[in-house]
């Protein structure tokens, strides 16, 4: 009977330890926050250069890498 209790307690302790350890190993990831996703330019003369800055903030813990930008 004592051996069964010791085995059960050991299994419970191991399960709790694995659960706590798994929470600490959560992978970090980037998280992009983009305030403005679309901008409409006013009509311009053909060939004129138009510029607009989009602000992108990284709210995550890992490095944010922008790999592709699509223009319309």
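Checking the conditions here, which among 56, 12, 8, 16 is at pLDDT 90 or above and surrounded by 10 or more Cβ atoms within 10 Å (Cβ to Cβ)?
The conditions single out 56.
Condition check: at pLDDT 90 or above and over 33 Å from the mean Cα position of the chain (by Cα). Does residue 49 satisfy that?
In short, yes.
Pairs only if they're at least six apart or on different chains, beta carbon under 7 angstrom, first in region 9-34 and farther than 16 Å from residue 62 by Cα, second at pLDDT 75 or above and assigned to a loop (DSSP other than H, G, I, E, B); list them, first residue then second.
34/54
The values are calculated or read from the model by the stated rules, or taken from the named source; none is laboratory data. All values derive from a computational prediction rather than experimental measurement. Neighbour counts are summed over all protein chains in view; Cβ atoms, including those assigned to glycine, are modelled from backbone coordinates with ideal geometry.
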